[in-house]
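Everything on this sheet refers to the single structure shown next.
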Amino acid sequence: MRLRQVVPAMCAFLFVAALAFRASSVSPDFGDPIAGLTPAQQAAFAAGKEDFESVETVTPDGLGPVFNGKSCAECHLTPAIGGASTTVETRFGRILNGKFDPMTEFGGSLIQTTGIGPQGSCDFVGETVPHQATIVAHRLTTPLFGLGLVDAVPDDEFKTIALIQKIFSPSTAGKVAMVTDLASSHLKVGKFGWKCQNPNLQQFAGDAYLNEMGITNPVFPEESCPQGDCNLLVCNPVPALNDDGSGVTLFTNFMTFLAPPPRGPVNQDVRHGEALFFTTGCFACHTPALRTGSSPVAALRHVTFFPFSDFLLHDMGSLGDGIEQGPAKGTEMRTAPLWGVRTRATLLHDGRATTLEQAILAHDGQGRKSRNAFDSLGTHSKAQLIAFLKSL
């Protein structure tokens, strides 16, 4: 389809989708499986949730030797299993010869806070930020609701959104993050993680198994060296591959079948706030609606859903965290989905905001124009826009 055909079609789709969003019927609650699953898929969701909640051990599971949590649910529990938390992780790095250095020789860029303790002649302890680091960043746990829908969106959809933004709003246009799909070695669109560092839920799950629990798996088979000291791995009590892929698959199934957040109550203030969401330009990055493509799962096939994110990288200026991952620069962050935002106690990538107004006013870089538009609103109009966000 040519661009002159794509743009009107996309605009018509967003208009119809907005009407559908207003009139959307009751959906599954937080933590429930997506509607329309087969009995076998419901069983896969239940098995995945059980594994998601299970507490990993050093032996035989392979927890560690350094890690951040003993279970996935430990950091994904609000307002239900699969949600977020106020847990903040730490990343570090430095600029060396004009380039970002993740300082892997010191265990960077992600800190694993806990060690499994004495093992033979070694004592595994939690990592710390080395004094040589000049960049220290914090990141909140992200909610997992509805990510199966996001995973089912074709790559071309995100590329089209980026192209339309570049044409109609170049100053705020997002960037597609092309990252390596480790299973195929091909470049795919990154959608998951604060820096769009993972292209699909399988890789996202494998990444979490290794980097959050220290459990090696077929996607990420190499053990992390505690604080960068690979010599300590001679004392690793479970040196073989910790997970044969079954655990990663269970985690992936849970996320794939996890329902998106249900819509909150809608009143007149919410409807006025929705209009203000568009007139202030928030929709430019927080794209209201996306549509899935073909999928072996009928419940995920050709579904319009409402994440309020374009899942692209945007230059956020001073709101960036300074960490580079893949194609994402230090000032670039993935647009945070707004669905379910009403359940979050802390906001933005580092949890610095405790209210939606604080989060909006912290926007910088490509988000500055919309921030200023919000700030120029009267008190009542600001309250209406916030009411709309709290309905998502």
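Can you list the residues of region 255-283 with backbone N under 19 Å from a point 7 Å past the Cα of Ala353, pointing along Cα to Cβ? Under cut-off, by backbone N: 264, 270, 273-283.
Spatially, region 105-172 and region 45-73 are offset by 19 Å when compared through their Cα centroids.
Straight-line cross-link reach from Lys159 at under 19 Å between alpha-carbon atoms covers these aspartates and glutamates, not counting any fewer than eight positions away in the same chain: Asp151, Asp181, Asp310, Asp315, Glu332.
Relative to the current alpha-carbon distance between Asp32 and Ser54, full extension at 0.36 nm per residue lengthens the span by 6.1 nm. For Lys369, go through the lysines and keep the ones whose alpha-carbon is under 20 Å away, minus same-chain ones fewer than eight residues off. Leaving aside lysines fewer than 8 places away in the same chain, those within reach of Lys369 are Lys166, Lys175, Lys382.
Once the Cα-Cα distance is subtracted from the 0.36 nm per residue extended length, the Ser318 to Ala345 segment shows a gain of 7.5 nm. Under 17 Å of direct C-alpha separation, and excluding same-chain neighbours fewer than eight residues apart, Lys99 reaches these lysines: Lys329. Using Cα atoms only, what is the angle between the long axis of helix 379-389 and the major principal axis of the chain, expressed in degrees (0 to 90) to the nearest 10? Roughly 60 degrees between the two axes.
The long axis of helix 268-279 is offset from the longest Cα principal axis of the chain by roughly 80 degrees. Helix 246-257 axis versus longest C-alpha principal axis of the chain: approximately 10°, rounded to the nearest ten.
Can you check what the net charge comes to around Ile95, using other residues whose Cβ is under 15 Å from the Cβ of Ile95 (Lys, Arg +1; Asp, Glu -1)?
Details: positive: Arg91, Arg94, Lys99, Lys329; negative: Asp101, Asp321, Glu324.
Value of the local net charge: +1.
In this Cβ point-charge picture (+1 for Lys and Arg, -1 for Asp and Glu), the chain has a dipole of about 1960 debye about its Cα centre. Qualifying trypsin sites (Lys or Arg not before Pro) in region 269-374, where qualification requires a DSSP coil assignment and no more than 13 other C-beta atoms within 10 Å, comprise Arg301. Label positions at Asp375 and Ala298, each projected 7 Å from the Cα along the C-beta direction, are separated by 5.3 nm.
Both numbers refer to the Cα atoms of region 132-262; Rg and Dmax are 17.4, 57 Å.
Suppose a student asked you for the relative contact order of region 117-256, using Cα pairs under 8 Å spaced at least 6 residues apart; what percent would you report?
Values: 153 pairs, mean separation 31.1, N = 140.
So the answer I get is 22 percent.
Segment Thr279..Ser121, full-extension length gain: 50.5 nm, with 0.36 nm per residue of separation and the alpha-carbon distance subtracted. Label separation (Gln42 vs Leu163): 4.2 nm, computed from points 7 Å beyond Cα along the C-beta direction.
Read the figures in this text as sums done on the coordinates, not as results from a lab. Keep in mind it's a predicted model, so treat the numbers as computed, not measured. Heads up, the Cβs are rebuilt from the backbone with ideal geometry, glycines too, and the neighbour counts pull from every protein chain shown.
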